[in-house]
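The structure appears right after this line, and notes come after that.
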Amino acid sequence: MNNYVCALFLFTTMRFCSSDTECKEPTSVTLTEKWSTEAVMKTPESALYDESRRVIFVSNVNGFNNDQHDGDGFISKLKPNGTVDNLDWVTGLNDPKGLAIWKSKLYVADIDHLVEININNGTIVNSYPISGAVFLNDVTVDSKGTVYVSDTGGNKIYQLKGNTISVFDEDENVSGPNGLMAESETLIMASAATGNIGLIDYQTKAYTNWTSGIANADGIAKDRFKNYFISNWQGEVYYVFTNGNTLKLLDTKDAGINSADVSMMPKENILLVPTFFNNRIVAYQATYE
């Protein structure tokens with residue numbers, strides 16, 4: 001079978017449902033604002049829900065200037081209702097962006113380092129320098145614990161296996177890689193440069209273009225139907241079906257509100273949207289029909 005059919009097969013075989021109702025494919029989705037934090041965040045780039053701990057982690061770039069290594073970035077903790085639990089939970093970072101969880105570890109993309117935080121006590125236990133990295137952006141972890149981090153400025157995707165950093169992919173299709181999501185057979189990559197969303201085979205690095213037309217593509221979040229919300233940093237959110245069809249659900253560009261690295265609270269059907277320069281996290285209730 002060709003790459004597209006193969007990729008589609010991999011996606012459809014990932015649908016594990018506990019009931020017919022849960023597995024029924026929605027035909028339309030709407031987003032309605034449920035809550036938002038006060039504007040106390042400091043340039044929030046990523047919001048990640050930790051379902052097991054019932055915590056939302058937020059990366060705060062803070063000062064966004066030419067001096068990226070300014071040490072003023074930090075991670076916040078929110079309760080599931082948006083209440084700030086600890087604004088300055090982990091400090092001393094530079095420009096933290098993408099977040100990913102593996103067991104008791106929180107991984108953070110921080111310009112040219114991949115930072116590892118012990119979730120249990122909020123301490124930085126490792127900071128892996130990535131030589132040549134330009135603008136590390138998003139992070140994801142596969143089922144074996146391999147960590148992947150995108151370098152939007154360097155047109156590369158790196159991986160951390162054990163304690164070793166190496167280049168995972170850097171071919172012509174890895175152009176401005178931003179959002180990443182590790183699935184069972186393929187790595188989903190959102191390109192901020194091309195607006196394409198592609199699938200990269202872990203073993204062969206074969207690339208399949210899944211969908212396109214999402215300018216400044218940023219975060220990727222999966223819902224309980226195994227479909228995806230994908231953000232455009234400038235202020236849009238799209239719903240992407242398994243077959244690659246898209247629906248634009250949110251557009252806050254005219255209001256000057258960004259939509260950065262999104263995350264899903266799957267059981268609650270809530271999408272978390274960091275608003276970057278707007279300094280809030282906004283939660284949207286997803287309603288399916």
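Each residue of the range 133-147 was assigned a 3J(HN,Hα) from its phi angle through the Karplus expression (A = 6.51, B = -1.76, C = 1.60, θ = phi - 60°), giving 5, 10, 8, 5, 10, 10, 9, 8, 10, 8, 5, 9, x, 6, 9 Hz with x at Gly and Pro. In this structure, the amide hydrogen of residue 234, modeled 1.01 Å from its nitrogen in the peptide plane, lies closer than 5 angstrom to those of 259, counting only residues at least 5 positions away or on a different chain.
Its Cα gyration tensor gives the range 52-126 an equivalent ellipsoid. The semi-axes, each the square root of 5 times an eigenvalue, are 20, 15, 9 Å from largest down. Sequence-distant contacts, meaning Cα pairs under 8 Å at least 6 residues apart, place the relative contact order of the chain at 18 percent.
Surface composition of the chain: carbon plus sulfur atoms hold 46% of the accessible area, using a 1.4 angstrom probe and ignoring ligands, DNA and RNA.
The value obtained for the range 119-221, namely the Cα convex hull volume divided by the number of residues, is 113 Å³ per residue.
Of the Cα atoms belonging to the range 196-235, the radius of gyration and Dmax stand at 11.6, 34 Å. Under 5 Å between amide hydrogens, built in the peptide plane, is the criterion, and for residue 156 it picks out 151 among residues at least 5 positions away or on other chains. Whole-percent P(r), the range 53-183, all Cα pairs, 5 Å bins from 0: 2, 11, 22, 24, 21, 13, 6, 2, 0. Using just the Cα positions, wrap the chain in a convex hull and report its mean projected area in square nanometres, one decimal place. One quarter of the hull surface, i.e. the mean projection, equals 14.1 nm².
The values are calculated or read from the model by the stated rules, or taken from the named source; none is laboratory data. Note that the coordinates shown come from a computational prediction; the quantities given were computed from them, not determined experimentally. Please note that ligands, DNA and RNA were not included when accessible areas were found on the heavy atoms of the full protein model with its side chains. Shrake-Rupley method; radii C 1.70, N 1.55, O 1.52, S 1.80 Å.
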